[in-house]
Every structure is written in C-alpha cells, then in structure tokens.
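A short write-up of the structure that comes next.
Each reported figure results from applying straightforward, stated rules to the coordinates on display, with no laboratory input. Remember, predicted model here, so these are calculated numbers, not experimental data. Backbone-built Cβ (ideal geometry, glycine too); neighbour counts: all protein chains shown.
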Amino acid sequence: MHISQQSEEITHHTFPVVFMKTKSLYPNEDKKRQRPEGSCYEEVNQHTGSSENCLTRRFILQRVLSAFTSSTVIFRNAAALAVEPKECTNSAILAEASVPGAYQQVCMGIPERSMVLKATGDTITVLQGTSTSTGSDGNSGSVAGRTGVALWNSGILLTRLLDTLTLNESDNNIPFFYGKTVLELGCGTAFASIAASKLGARYVIATDGNGEVLELARRNFERNGLLAPDSIDRIRESGEVSALKWGLMDASDFYNKADVIIGSDLTYNSGNWRVLVETLNSVLAPNGIVIYLTLGHMGFDVVAEMNGFFTVLESGGELVVVNEGSEDWPFRKVKSLSRLLNDTLNGKEKEVIASTGGYNVVILRRRVKNKFGI
C-alpha cells in the first residue's frame, strides 16, 4: 500500500485506506523524514531539525519563556510557571521547536494539561513529568529520551477525535465507547485513556513499556478517578495501568482483550513496526477496531512512515485498513474521521499542523476470512 501525492482535496487512494490526511491536505514537499535510532519502549527520540522554521512559533516561545539559545530552545524555567499560559489552555495545538535529541514546545514544560470534553462536559487534567523531573541531558523539563512524560500534539488530536466521535456517533443515544474495553498502546500521560473512560468505556487499560511513564500514568488515573489510591475497593476502579513491551510474548497477557485499541505516534521508528503489528494482532478482540493517529514533525515525512508501516502490516496477515464507505466501516453516522477532526482545529492550529506535514487517521480491523478460513 502506498500513499500517492494527490491534489489539495481529500482523495481516495488506491490502497484500502480512507480519511487519510496526507500531503494532499498539508503539503510539506521539502521535508524528508529520518528514522530515529533507539527503542520505542525506552521512548528514545533523536529527531533533529531547526528551530527557525516558523517565526510564529519562535515569537510564542520567546514571549512566554524568553529561553532561546541560538537555534536551540531549552525550557529550563518552564516548571516555574505558576499559571497555565494562555497559549496552552484547553490543550491547544502549538508549534514545536527542536532541542537536542527531541522536539519540545512551551506547554510541555508546565506542571499539568487540561481539556474539557465536549461530549460529556468532564474536565480531564494530567500531570506532566517534564515540570518536576530532570531529563537524561540534565535539564529540568527535557523530553530527550523521555518523550512519554509530556503531552504531545498527537495525543491531543487523538483525544479530540475520541471526544468528537462520541458527539457524532451513537446508537439509540448510547455512546460509541459505551460498554467497551479500550486499550491504549504507548499511553504516555494517559490523556487519551482517561478521556475514553469519561466517554463511556467500561474498562480502560493504559499500557507503556517505560517505568517512569507508567508511574506518571498511574498518578493521572488516580487524579481523574479511574483508580482508587491506596484502597482495596476495586469496585470503584474503571481501569488499569500496565506494562506492555511490544511483541508476542508480552502481548499474550492481553490476548483478545481490547474492543478498541487506541494510539498516537507509534510508527515513527521503523525498527518497531514488526513487534507493533504482532502486538495489535494479539491484543485486538475478534470484532474490535484500532483507531490510530500519527502526526508529522519538522524534518519527518509522515507519508513515507505510513507507507512503510502498511507494508509490514500486510505481511502480518491479520489486520487490514478499513475503507471509508465499505461494509466493514465501523461507524454508522461518521463518514470521515479526518474531516471530523479537522473541524475541531482553529486557523492557527491548522497552520501548525500544515508545517509538520499533516496527520493521518487510520482504522484497522481483523481480516474477514472466507468459509474455508482463508
């Protein structure tokens, strides 16, 4: 499966995938994505890029933190911010700047992020480890090698998508996630997992392979009422935070458990595609679906990333990408998730996303076998 370069309209491609927001919507022709080294489980991120690609981003960052060091932005004092900056309210999408070994933006350095869910009116709030911890480079607030301890734009977009999907997709006024078990891969702060619970999921499992990230996710579950801290009252609990390193061995502990698997920015490292596919194959329930979102970064080609991942997915044989409008399409009212998500973005956020190369939203489900089991 390959994503072709199309016009500026949302188009249907030759491979079985729909509602993909690719370069056709957010062109970034001059950027080429480079694969980072390191383990997905250790959340190592060695992206490189320039902090001078967006004057708007530089202005916002300079105004809030005044922390520019030539072409590198280091948020040394972000943890000292006592009040959430206006730019960060309700989990706004802001431009990133490159820092040694990672990308970063001002909202990653504040103690917590919040969002009001439109479908329910609930406010979810998560702590960020970047505001209190020292990163691998010795700088407080660093995400280098610790990408899971901060809320990224892709996680915000995934959460908005879940919220908007709930608003628009219901069956006899029963929300789409009602009664379902939702499992998140690479949960980070568990922002999307917490939202799924508030949006009606029966049980939510937030998973990650990094110990620091898991501890932060547990604190955020407790903070939002999904776990009963220091209590034996398991009845109150509507979710769990569990270690899961991708691959058949660990994934077998969650065999067929997930009615819905959610995740964001899981495919940036090509070295992890095979074990990611193995994990999806093992964890997804027979009639379940995967809702996956990936967002580009400066210097990364999200189109090439997804083309490569689809090749590995096909070789795995179990899962397929679901075409919009096909008989396997899991939604009755919502016809395009990308269009649905695009309607949640304001003008500035669309500019930010355009500068990254755009985002992709993908639905996967198990391959339908014929009567001979083929």
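Scalar couplings 3J(HN,Hα) for region 211-221, obtained by applying the Karplus form with A = 6.51, B = -1.76, C = 1.60 to θ = phi - 60°, are x, 4, 5, 4, 5, 5, 4, 4, 4, 6, 4 Hz; x denotes Gly and Pro. Calculated on C-alpha atoms, the gyration radius of region 148-366 divided by its Kirkwood radius gives an Rg/Rh of 0.94. Here the simple spin-label model places points 7 Å from the Cα toward Cβ, and for Asn90 and Ser326 these points are separated by 3.6 nm. Where the centre of each part is set by its Cα atoms, how far does region 239-276 sit from region 282-320, in angstrom? Each part reduced to its Cα centre gives a spacing of 12 Å.
Please work out how much length the chain gains when fully extended from Ala243 to Val368, using 0.36 nm per residue of separation minus the C-alpha to C-alpha distance, in nm with one decimal.
Details: separation 125, 0.36 × 125 = 45.00 nm, distance 3.03 nm.
Residue separation times 0.36 nm, minus the Cα-Cα distance, leaves 42.0 nm.
In this structure the amide hydrogen of Glu324, modeled in the peptide plane, comes within under 5 Å of the amide hydrogens of Val18, Phe19, none closer than 5 places in sequence on its chain. Among the chymotrypsin sites (Phe, Trp or Tyr not before Pro) in region 184-273, those located in a DSSP loop and surrounded by at most 16 other Cβ atoms within 10 Å of their own Cβ are Tyr255. Site pair Asn168 and Ser114 shows an inter-label distance of 2.7 nm when each label is modelled 7 Å from Cα along Cα→Cβ.
Given region 148-366, what percent of its DSSP beta bridges are antiparallel, to the nearest 5?
Working: 12 of 30 bridges.
So the antiparallel bridges amount to about 40 percent of the total.
Please compare each pair in Lys86/Lys118; Lys245/Lys335; Lys198/Lys245 to a cut-off of 22 Å on the Cα-Cα distance and tell me which ones are over it. Could the numbers behind the result be given before it?
On the way: Lys86/Lys118 20 Å; Lys245/Lys335 34 Å; Lys198/Lys245 26 Å.
Where the Cα-Cα span goes over 22 Å, the pairs concerned are Lys245/Lys335; Lys198/Lys245.
Taking 7 Å steps out from each Cα toward its Cβ at Lys333 and Asp253 produces label points 3.8 nm apart.
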